[in-house]
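For reference, the structure discussed in these notes is given below.
The values are calculated or read from the model by the stated rules, or taken from the named source; none is laboratory data. Quick caveat, the model's predicted, so the values are computed rather than measured. Note that we place each Cβ from the backbone using ideal geometry, even for glycine, and neighbour counts take in every protein chain shown.
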Amino acid sequence: MRDIFKLGSILFIITAVAAVLLGFTNMATSKVIAEREKQERAEALQVVLKEASEFEIVEELPLDGTIISEINVGKTNGKIVGYTFNVLPTGYGGEINMLVGISSEGKLTGIEILAHNETPGLGAKAVEPEFKNQFLGKSVDSSLNLVKGSAAAENEIQAISGATITSTAVTDAVNAAIDLYNRSLK
């Protein structure tokens, strides 16, 4: 019995020390991690709306009931050049955190996937240029349609082979941004 108590005490001390060290490490790195995430987000905003030099959050639009979590207006020299939408669709592996850019002229300026848990080699291909670049320059006058096989029409997006759920989630996210832009920001 004494040996069990001794081993239990040693194990408790080791885990307590490890927990305290992890806590201090977390405190020391949390500010750096938050700054890095903020910087990565700013760079992603710039990627989806290259024409903008500054971004401001649009707070007057209600986003309840949509998969859109945030809207930013992009400006250059005080003039609105477009909008970015932070959209959170659900893919095969769970939530996909992505940005969609739309210019003031009503064209898609890009999409950027910030975080996902999609299947490597399948749904994870959504971050590759072959898929993302299909959205560039598309008009927001009508919603986009996902097709299996080659996309022939202007408003068609070719699905990733073997990753229809992910392709659908990304396309639905872009369509949600298009819909909100057309209803409230055009």
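Numerical summary
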{"read-out": "Any hit, segment 163-185, residues being surrounded by fewer than 19 Cβ atoms within 10 Å (Cβ to Cβ), touching a residue at least 24 places away in the same chain (Cβ under 8 Å) and in a loop (DSSP other than H, G, I, E, B)", "value": "no"}
{"read-out": "Criterion violated by Ser142 - all others in (1) crowded, with 20+ Cβ neighbours inside 10 Å; (2) at pLDDT below 95 satisfied", "value": "(1)"}
{"read-out": "Selection count, segment 100-137, where residues are within 10 Å of the chain's Cα centre (by Cα), over 18 Å from Lys186 (Cα atoms) and not in a loop (DSSP other than H, G, I, E, B)", "value": "5"}
{"read-out": "Matching option when the condition is aliphatic (A, V, I, L, M) and in the same structural domain as Ala176 (by TED's automatic domain parsing), among Ile102, Ile33", "value": "Ile102"}
{"read-out": "Whichever residue in segment 42-79 is part of a loop (DSSP other than H, G, I, E, B) and among the hydroxyl-bearing types (Ser, Thr, Tyr) and, among such residues, is surrounded by the most Cβ atoms within 10 Å (Cβ to Cβ)", "value": "Thr66"}
